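The values are calculated or read from the model by the stated rules, or taken from the named source; none is laboratory data. Treat the numbers as computed from the prediction; the structure is a model and nothing was measured. Note: ideal-geometry Cβ built from the backbone for every residue, glycine included; neighbour counts use all protein chains shown. Heavy atoms of the whole protein, side chains included, go into the accessibility calculation; ligands, DNA and RNA do not. Shrake-Rupley method; radii C 1.70, N 1.55, O 1.52, S 1.80 Å.
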Amino acid sequence: MHFRIRRHVVQLVRMTYDPSIKRGKAQVVGSVKLADPMLSDELREKLTADEATEFELWVSTNHRANLLKQELAALTLAEQMDQARLWFERQDEQGVAQQTANELLRHWQALRRVLKQRELLD
């Protein structure tokens, strides 16, 4: 079993061998909300005991690690932005700096939208 993150959900994907094509075939068993990854009773019935255990392990490790990374990123963003400013000040090559600036602008605009929606900006 593996887990695909798709926007706001986690898909639980079972791999089964298909002898007609002589390789594995992915089958989406179900999905859970990423914000609260809990197995419903209906979905739990579709999973084997090992698959349910594997999902619980994924939640307690990978999912938790991602949440901690997000928190760390938010708490250190101001410092990282200052470091980025220093890097941009030293750049002589326009190509790399321009490409990086364009990517940063897209992400900054998305972050700004969220901050405005949450009424965290004046």
Exercise. Put +1 on the Cβ of every Lys and Arg and -1 on every Asp and Glu Cβ in the chain; which of LEU47, ASN62, LEU104 then has its Cα farthest towards the positive end of the dipole?
Worked result: LEU47
Seminar exercise, completed: In units of 2.2 N^0.38 Å, the Cα radius of gyration of the stretch 2-66 is 1.17
Exercise. Which value at 222 nm does the chain reach when only helices count, each DSSP H run of 4 or more adding -39,500 (n - 2.57), with the total divided by all residues and rounded to the nearest 500 deg cm²/dmol?
Worked result: -18500 deg cm²/dmol
For this session: Leaving out ligands and nucleic acids, note down the accessible area per residue over the stretch 77-118 with a 1.4 angstrom probe, in whole Å².
Result: 91 Å²
Exercise. Angle between the Cα long axis of helix 64-90 and the longest principal axis of the chain, 0 to 90 degrees, nearest 10?
Worked result: 30 degrees
Exercise. Ignoring ligands, DNA and RNA, what percent of the accessible area of the stretch 2-66 is carbon or sulfur (1.4 Å)?
Worked result: 51 percent
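In whole percent, and with a 1.4 Å probe on the protein chains, what portion of the accessible area of the stretch 77-118 is carbon and sulfur?
C and S atoms contribute 51 percent here.
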Problem set entry | Probe 1.4 Å, accessible area per residue of the stretch 2-66, Å² | 71 Å²
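Using only the Cα atoms of the stretch 77-118, construct the convex hull and provide its projected area averaged over every direction, in square nanometres to one decimal.
Value for the stretch 77-118: 3.1 nm².
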Exercise. Under a straight-distance cross-link criterion of Cα-Cα below 27 Å, which lysines are reachable from LYS33, leaving out those fewer than 8 residues away in the same chain?
Worked result: LYS25, LYS46, LYS69, LYS116
Problem set entry | Coil-residue trypsin sites (Lys or Arg not before Pro) of the stretch 16-122, DSSP, other Cβ within 10 Å capped at 10 | LYS22, ARG118
Seminar exercise, completed: In whole µm²/s, the translational diffusion coefficient that Stokes-Einstein assigns to the chain, given a Kirkwood hydrodynamic radius over C-alpha pairs, 37 °C and 0.692 mPa s, equals 181 µm²/s
